[in-house]
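Asks: Would you mind keeping the following structure in view while I ask a few things?
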Amino acid sequence: MQDETLFIADLHLDSSHPEISKLFLGFLDTDARKSDALYILGDLFEVWLGDDDNNPEHRKVIKAIKQLTSQGTSVYIQHGNRDFLIGSRFESLTGCQLLPDPYVIELYGNRILLMHGDLLCTDDIDYQQFRQQVRDPDWIRKTLQLPLKKREQIAKNLRKQSQQHTQTKPEDIMDVNPDTVKQYMQDNNTPMLIHGHTHRPAIHELDNKTRRIVLGDWVTQGSVLRWNRDGYRLQSIR
């Protein structure tokens, strides 16, 4: 095992894109197995209906993550805007740990803020109102009590609304707000922020020697941030 920590986000695993699942499973069996820890910063799945969903493709992923954690690699995961119904049973089945959003870690002498990234897109007021609704504990509790078929229909409707939303909104509205980024970093006393969600991989040099690292999605490329004692690098994988 190498002294290395990996960060990924926005895989959007779905049975309609088996090539992404294949790439991810291969990644778990090679790069991730050699690392100390893997952080998945949201949207591992395109949709997650609840921990009682027996989707066979999802079960393959659960089994692979369990094999990884059983071999000694720590796996941490944050909710994304697509898979926020992941719960404690998923943690138990995979051996991973769910992290709140935002969350601060200490790594190789660095204090780092981890987020999925959607909280940073405050110019998109409609989305923030929607997010507040579906992240309400009472809404989540009632939704998980519904039959799986009903949840499938709700998920389809939400995905349709999301597609319509992204097609009609300007790109800059759906990107992060610089002032919001600055505020979160100040509130958490962190000079470094790592997030996903926007699908725009880059390393941004901010004021006062602060940095914002954006993880890419896995729909157009495999994206991973590698960090060890010698530093970090953002890579695409095939």
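Asks: Against the definition (hydrophobic (A, V, I, L, M, F, W, C), at negative phi and within 20 Å of the chain's Cα centre (by Cα)), how does Trp218 come out, yes or no? If you could, list the steps in order and put the result at the bottom.
Replies: Details: hydrophobic (A, V, I, L, M, F, W, C): yes; at negative phi: yes; within 20 Å of the chain's Cα centre (by Cα): yes.
For Trp218, the condition - hydrophobic (A, V, I, L, M, F, W, C), at negative phi and within 20 Å of the chain's Cα centre (by Cα) - is met.
Asks: Same structure again: Pick from segment 106-126 the residues that are free of Cβ contacts under 8 Å to residues at least 60 places away in the same chain and surrounded by fewer than 14 Cβ atoms within 10 Å (Cβ to Cβ): which of them is nearest to Ile154 (Cα to Cα)?
Replies: Only one residue fits best here, namely Asp126.
Asks: Hey, does segment 25-47 have a residue that's at pLDDT below 95 and aliphatic (A, V, I, L, M)?
Replies: So far as segment 25-47 goes, yes, one or more of its residues are at pLDDT below 95 and aliphatic (A, V, I, L, M).
Asks: In addition: Restricting to segment 9-47, name every residue that is closer than 16 Å to Arg238 by Cα and part of a strand (DSSP E or B).
Replies: Answer for segment 9-47, where residues must be closer than 16 Å to Arg238 by Cα and part of a strand (DSSP E or B): just Leu13.
Asks: State all residues of segment 2-21 that are at pLDDT 95 or above and over 18 Å from the mean Cα position of the chain (by Cα); if no residue qualifies, say none.
Replies: Glu4
Asks: Let me ask you something else. Specify which of the listed residues (Ile62, Ile77, Ile8, Ile86) is farther than 29 Å from Arg212 by Cβ and of a type in the set (Val, Ile, Thr).
Replies: Ile62
Asks: Let me ask something else about it. Among the numbered conditions (1) surrounded by fewer than 21 Cβ atoms within 10 Å (Cβ to Cβ); (2) touching a helix residue (DSSP H, G or I) at 6+ places or on another chain (Cβ under 8 Å); (3) not aliphatic (A, V, I, L, M), tell me where Asp31 comes up short.
Replies: It fails just one condition, (2).
Asks: If I filter segment 131-140 for residues that are surrounded by 16 or more Cβ atoms within 10 Å (Cβ to Cβ), out of contact with any Ser or Thr (no Cβ under 8 Å at 6 or more places or on another chain) and under 21 Å from Pro102 (Cα atoms), do I get at least one hit?
Replies: Quick first cut of segment 131-140, residues surrounded by 16 or more Cβ atoms within 10 Å (Cβ to Cβ) only: 131.
Now restrict to residues that are out of contact with any Ser or Thr (no Cβ under 8 Å at 6 or more places or on another chain): 131.
Now drop any that are not under 21 Å from Pro102 (Cα atoms), which leaves 131.
The answer is yes; a qualifying residue exists.
Asks: Restricting the first residue to segment 127-155 and requiring it to be over 23 Å from Gly117 (Cβ atoms), which pairs with a second residue that is part of a helix (DSSP H, G or I) and of a type in the set (Gly, Ala, Ser) meet a Cβ separation below 7 Å and a spacing of at least six or different chains?
Replies: Qualifying pairs under 7 Å: none.
Asks: Identify, from the list Ser88, Ser70, Ser92, the residue that is farther than 20 Å from Arg33 by Cα, at pLDDT 95 or above, surrounded by fewer than 14 Cβ atoms within 10 Å (Cβ to Cβ) and of a type in the set (S, T, N, Q).
Replies: Answer to the selection: Ser88.
The values are calculated or read from the model by the stated rules, or taken from the named source; none is laboratory data. If you're wondering where the values come from, they're calculated on a predicted model, not measured in any experiment. Quick reminder, even Gly has a Cβ in these numbers, built from the backbone with ideal geometry, and neighbours come from all protein chains shown.
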